[in-house]
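What follows is a set of notes on a single structure, which appears directly below.
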Amino acid sequence: MSNFFQKILDFFQQTHVLEQIRDVDAAGLFTNPWFMVPFIGLMGYLVYKKSFRDLAILGIFIGVWWFSGTDYMQSLTVKGEIQIGKILPVLAGGAAALGVVIYLLFGRSD
């Protein structure tokens, strides 16, 4: 089983996926019409269909993506060691976001 996970880690290291995600220019992305036109179209469609559950999940996803690029997230490790005092609030926030998504998907009916 660990061989399976090692292959996945090797794939991420070879393709530099984490660096690509880290280097995304969010300001440039949200001023690019090739991104904004479909994004606004999706938002308009979800409001038209009154799919507020999907809007909330999309908002949580965008918020987590934005938070992952902040300076706070970059300071979680110092010299390769995880700072436990900084990681606990991140874990609590992640658990809360996951709980909200699970509640929206499975806990209530439309």
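The values are calculated or read from the model by the stated rules, or taken from the named source; none is laboratory data. Just so we're clear, the structure is a prediction, and the values are computed from it rather than from any experiment. Note that we place each Cβ from the backbone using ideal geometry, even for glycine, and neighbour counts take in every protein chain shown. With ligands, DNA and RNA removed, areas are computed over all heavy atoms of the protein, side chains included. Shrake-Rupley method; radii C 1.70, N 1.55, O 1.52, S 1.80 Å.
Tabulated data for the structure shown
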read-out: Phe4 being under 30 Å from Leu105 (Cβ atoms), aromatic (Phe, Trp, Tyr), at pLDDT below 80 and loosely packed, with under 12 Cβ neighbours inside 10 Å; value: no
read-out: Residue in the range 16-27 that is among the hydrophobic types (A, V, I, L, M, F, W, C), open to solvent by 70 Å² or more (accessible area, probe 1.4 Å) and either farther than 23 Å from Gly69 by Cα or at pLDDT 80 or above (or both) present; value: no
read-out: Wholly enclosed helices (runs of 4 or more DSSP H) of the range 1-42 bearing at least 2 residues of a type outside the set (A, V, I, L, M) and out of contact with any helix residue (DSSP H, G or I) (no Cβ under 7 Å at 6 or more places or on another chain); value: 2-15, 17-22
read-out: Residue within the range 99-107 that is within 19 Å of Ile21 (Cβ to Cβ), assigned to a helix (DSSP H, G or I) and within 15 Å of the chain's Cα centre (by Cα) present; value: no
read-out: Residue match in the range 79-94 (condition: open to solvent by less than 80 Å² (accessible area, probe 1.4 Å), in a helix (DSSP H, G or I), among the aliphatic types (A, V, I, L, M) and free of Cβ contacts under 8 Å to residues at least 12 places away in the same chain); value: yes
read-out: Test result for Gly63, modelled with pLDDT under 90, loosely packed, with under 10 Cβ neighbours inside 10 Å and in a helix (DSSP H, G or I); value: no
read-out: Failed condition for Ala56, given (1) open to solvent by less than 70 Å² (accessible area, probe 1.4 Å); (2) of a type in the set (A, V, I, L, M); (3) over 28 Å from Ile40 (Cβ atoms); value: (3)
